[in-house]
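The values are calculated or read from the model by the stated rules, or taken from the named source; none is laboratory data. As the structure is a computational prediction, the values presented were derived from the model and not from experiment. Cβ sites come from the backbone with ideal geometry, for glycine too, and all protein chains shown count toward neighbours.
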Amino acid sequence: YQTLNEGKQLVASVSCPELEGQIAKLEEQWLALNKKIDHELHRLQTLLKHLLSYNRDSDQLTKWLESSQQTLNYWKEQSLNVSQDLDTIRSNINEFFEFSKELDDKSSLKAVVISTGSQLLHLKEADTATLRAALAQLEQKWTTLVTQLPDIQEKLHQLQMEKLPSREAITEMISWMNNVEHHIAGEDSERSLSSAPQVKKLLQKYKEFRMEMDYKQWIVDFVNQSLLQLSTCDVESKRYERTEFAEHLGEMNRQWQRVHGTLNRKIQHLEQLLESITENENKIQILNNWIEAQEERLKTLQKPASVISVQKTLLDCQDIENQLTVKSKALDELRQSYLTLESGTVPLLEDTTSRIDGLFQKRSSVINQVNELKTSMQSVLQQWKVCDKLYEEVTMMTIRFWYCMEHSKPVVLSLEALRCQVQSLQSLQDEAEGSEGSWERLQELVGKLKDRCPSVAEIIEEKCQVTHARWTQVNQDIADQLQKAQSLLQLWKAYNSAHTEATARLEQQEAKYQELENINMSGNNLAEILTPALQDVKELQHDVQETKEAFLQNSTLLDGLPQLPESSTRVPRSAQLHSLQRASYLEEMLLVKANEFEFVLSQFKDFGDRLESLKGLIMHEEENLDKLYHQEKEENLDLFLNHVLALTAQSPDVEHLNEVSLKLPVSDIAVKTLQNMNRQWIRATATALEHCSELQGTGLNKTFLDCCEKWVQLLEKIEETLKVNVADSLPALLEQQKTYEMLEAEVSINQTVADSYVTQCLQLLDTTEIEKRPEFISKFTKLKDRWQSAAQRVRQRKSDIDGLVGQWRYFTTTAEDLLRFLSDTCHLLSALKGRDCHSLHQTRRLIRELKSKEIHFQRRQTTFELTLEAGEKLRNTTSLETKELIDKKISQLGDTWKDTKLHVEELIKQLQSNVETWDHCEKKIKELKSRLQVLKAQSRDPLPELHEDLHREKELIKELEKSLGNWTQNLKELHTMKTDLTQHILVEDVMVLEEQTEHLHRQWEDLCLRVAVRKQEIEDRLNSWIVFNEKNKELCAWLVQMENKVLQTADISIEEMIEKLQKDCMEEINLFSENKLQLKHMGDQLIKASNKTRAAEIEDKLNKVSDRWQHLFDVIGSR
């Protein structure tokens, strides 16, 4: 009952057709079981009563039959013993007559045993063969006994008649009849009879007289026969005796007829009287039995076992009250009818009057007991309802507290979630403290119900104990959870404060880094900007390191929190890891930025140092040259020339510095300084060369031979220098470049000497007779050619060295630039590889940043190829060391370029894949949501009424189910994509998709349930015809069974028949009346949804059921 009650409440609160069907099925099974138990209990009680009666009576009858058979055997022996005297024979006949009377008395016992046995055969479900055999054996013994009596009786009478004279027999018969008449005349009038037993006793006495007359019929027949025998003998001699004998015989016969008639009239009158009395006695007995049965019934109803027993008891009380109304009317009618008999022929018996008065007293007692029991059960029912309500309240409160406690646990750990949990648990604890009064009231009611319903006291107490234990446990759990939550809240406040502070610092640092990132590296005054910027970077690196340590400390604090589910700490741990990764990424980016700033500043410094060095050197050489020039000493020419050459040797550095200035965003001051230096160098060089030429010209006029000798020495020096191979390394090439720059300057300066030499030689040839003229001309020509060749080779060698220096500088500079670019890119990749997850926004930003890097790769591709080409050209050297160095640098550059470019492409591909997966997931969710809306709209259409339309709707439902069946695969795909994204996208972002997916899943489940319900409704409507036929067949079969059951009650007593009709049959009819109403309702619905032919068929079946139902009630009424 409790389960059914809770199930009905649950069905009322939720929409679940499957649960509703289970509850209905359970209720039907429960009612059927109750009915079966009641029926079986009644059958077993009746069986027990009949079985006890049968065993008692059958044992008594069996024992009597066994002893009677022995007695009968004795009578057989006596009937064959002819040597007995008359007195012995008379004694035997009297005793045999008493035995016959006893047999007549036992015939009623035998009838009772046979009747009870027959009823047991109907009641017993097994072991009937033994009972049938016992009844057959009893019947056989009885028949055997009865069939032996006439023969023994006849033989005993024959023995008596052989010993007894006819006259004496007539005298004995007349004397016996006189005695009978005297007894009849001596009996009081029927008016003096005061009880039915007296009537029965008198009737029995008269029946014994008649039985004895029947027994003495042998004597009458014998004496009448003896008269005939006298007539054939000596008639004349004994005429007088014969006449006297005939007179006595006639008198005896007349008296015999008179007594026999009187006894028959008396017996008939007393039987009629007894029948009337018995009828009234039966009515009284029936009423008395019913009242006593109700008294016993009320005793058993005093201690109900459950609330359904209380409700059943109240129904029983109402049933008893209804029956009491009918029985009271019958009792009043009985008293009234019995009082009217006083004026008639039937006497008013004292014990009958007292029994009727006793019935009225018992009826009043039963009425009082019913009222008391009804009041008591109503009180118990009210208490039980209050107890159930309180029990339900505390149970639901316990469940609600447990649910709220579990629900208060934060899914995602956060400060606000923990605060809400503490507030919720505190509220629950306060509410629990205020709910203790409900438990006290429940305990009080349970104590009362234990007194009223002791049979279920243990169950009630156990339920309350279990519930209270759960309540106590929930309160303890709430207290424990509250304590843990408060402790966790304090720890989380500390963690959250530290994390928030560290995150704020990190955001500020990221903003500062962004400001540094936005510095224009090609703007003016970059050197002045980068110096404090580099200091800011250094400080920012230190701050980021401290922030990172703070995050690591927070991670330790988070790890030190109490053991929590991984799902609840997934978001904070993800946020913590994300913050650490951001800090590490910023650290790497700051390192890149610091390296960039330091490199640029180093370039500026190198540029400035070189500029100042060259500026100082030029000024120094210019001053020296100016001093030497103004001394105007011939010996100063060599010293002057050395300073000119020193100044000229700086030409490559000046050119390289100018080239560097074009690449560097130097300041305006530096540009002006460079321009001034260039002008100063040009002016100083030009002046120095001019002065050198002037001094040299003066020297030529004075010391031509010395000049020529120096010129020849220079030529030899040049030729010796040209013999040295071109250097294999940049530093050596730079030295050679300066050397050849000075040689070229010397060649340019000494060209005047060469020209003077040629002029002088030509003049000598024209003006002087020179010995060995051909030889002179040959030497002159040869020397001139050597000079021209040397000068040409110097210029060529200088050009080659300048080219090689350019190649070396291009290769070195571009390689370093590319490696620096690759190093910065590797730092970025390293920072990204350290971060497993990114936010969606960061992922898109990183894609743009990496694509920018990819564009840089494309832009630098030509530079990379040219650098490799330059390196390959530089490899064509005889120096193995240089070749190995170049090979190593080329290999390093090539491998780093290839690996870094590949990693960038792979990372872009991975990030793009993540974004595409995200976009695909969002698109999939939108598509599924749209499909769900379409399917939901289809499932909301009202069901058609007609049977044919339902089949089409069934096909549509199948298509819906098929569409919903494919949904699982879609959800699996979404789950797979979400799982993949979880590895690369932050949990906070993925949770958005997860919530959308879960919302879709809930909508899908709701739609599946709705489609299942709709399908079941369609199936129910389609199967309603089959169900209708089955229920109709079942009801018709039950009606036939009930008719047979009502008609098969002839072999039981009237009281049992009435009780069976009132209790079993009516209870079963009340139960099946609901089935009849359901059948009628189902038929009406089918008629609406069916065509005319089927509607007519359904209506015909309903009419037949109604006719059979009415016929059953007619049969019950007639019975």
Filtered residues of region 274-292 (kept if modelled with pLDDT under 80 and either among the aliphatic types (A, V, I, L, M) or not in a helix (DSSP H, G or I) (or both)):
LEU274, ILE277
For the condition out of contact with any Gly (no Cβ under 6 Å at 6 or more places or on another chain), among the small types (Gly, Ala, Ser) and crowded, with 17+ Cβ neighbours inside 10 Å, what is the one hit in SER68, SER108?
SER68
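Counting only residues that are within 17 Å of ILE367 (Cβ to Cβ), hydrophobic (A, V, I, L, M, F, W, C) and part of a helix (DSSP H, G or I), how many does region 293-329 have?
Restricting attention to region 293-329, the residues satisfying the condition of being within 17 Å of ILE367 (Cβ to Cβ) are 293-299, 301-302, 313-314, 316-329.
Going one step further and asking which of them are hydrophobic (A, V, I, L, M, F, W, C), we end up with 293, 298, 301, 314, 317, 320, 324, 326.
Subsequent filtering for residues that are part of a helix (DSSP H, G or I) retains 293, 298, 314, 317, 320, 324, 326.
Residues flagged as within 17 Å of ILE367 (Cβ to Cβ), hydrophobic (A, V, I, L, M, F, W, C) and part of a helix (DSSP H, G or I) within region 293-329 amount to 7.
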Could we say that GLU507 is within 11 Å of LEU586 (Cβ to Cβ) and not β-branched (Val, Ile, Thr) here?
yes
Only one of (1) touching a residue at least 12 places away in the same chain (Cβ under 8 Å); (2) in a helix (DSSP H, G or I) fails for GLN84. Which number is that?
(2)
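Out of LEU577, LEU586, LEU601, which single residue is in contact (Cβ under 8 Å) with a residue 40 or more places away in the chain and buried (at least 19 other Cβ atoms within 10 Å of the Cβ)? Lay out the reasoning, then the answer.
Numbers: LEU577 fails: buried (at least 19 other Cβ atoms within 10 Å of the Cβ); LEU601 fails: buried (at least 19 other Cβ atoms within 10 Å of the Cβ).
When all the criteria are applied, what remains is LEU586.
When you look at VAL666, is it part of a loop (DSSP other than H, G, I, E, B) and crowded, with 18+ Cβ neighbours inside 10 Å, yes or no?
In short, yes.
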Give GLU1055, GLU1068, GLU1099 a once-over and let me know the one that is assigned to a helix (DSSP H, G or I), surrounded by 12 or more Cβ atoms within 10 Å (Cβ to Cβ) and either among the aliphatic types (A, V, I, L, M) or at pLDDT 75 or above (or both).
GLU1099
Looking at (1) surrounded by 18 or more Cβ atoms within 10 Å (Cβ to Cβ); (2) modelled with pLDDT of 80 or more, which is the one condition that is false for ILE93?
(2)
Determine which member of the set LEU530, LEU516, LEU540 is in a helix (DSSP H, G or I), surrounded by 15 or more Cβ atoms within 10 Å (Cβ to Cβ), in contact with a Leu (Cβ under 7 Å, 6 or more places away or on another chain) and modelled with pLDDT under 85.
LEU530
Can you name the residue in region 909-938 that is over 33 Å from the mean Cα position of the chain (by Cα) and under 24 Å from VAL992 (Cβ atoms) and is also surrounded by the most Cβ atoms within 10 Å (Cβ to Cβ) among such residues?
LEU911
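Would you call GLU271 closer than 30 Å to GLN383 by Cα, outside the structural domain of LYS448 (by TED's automatic domain parsing) and either assigned to a helix (DSSP H, G or I) or over 60 Å from the mean Cα position of the chain (by Cα) (or both)?
no
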Looking at (1) modelled with pLDDT of 85 or more; (2) surrounded by 12 or more Cβ atoms within 10 Å (Cβ to Cβ), which is the one condition that is false for THR116?
(1)
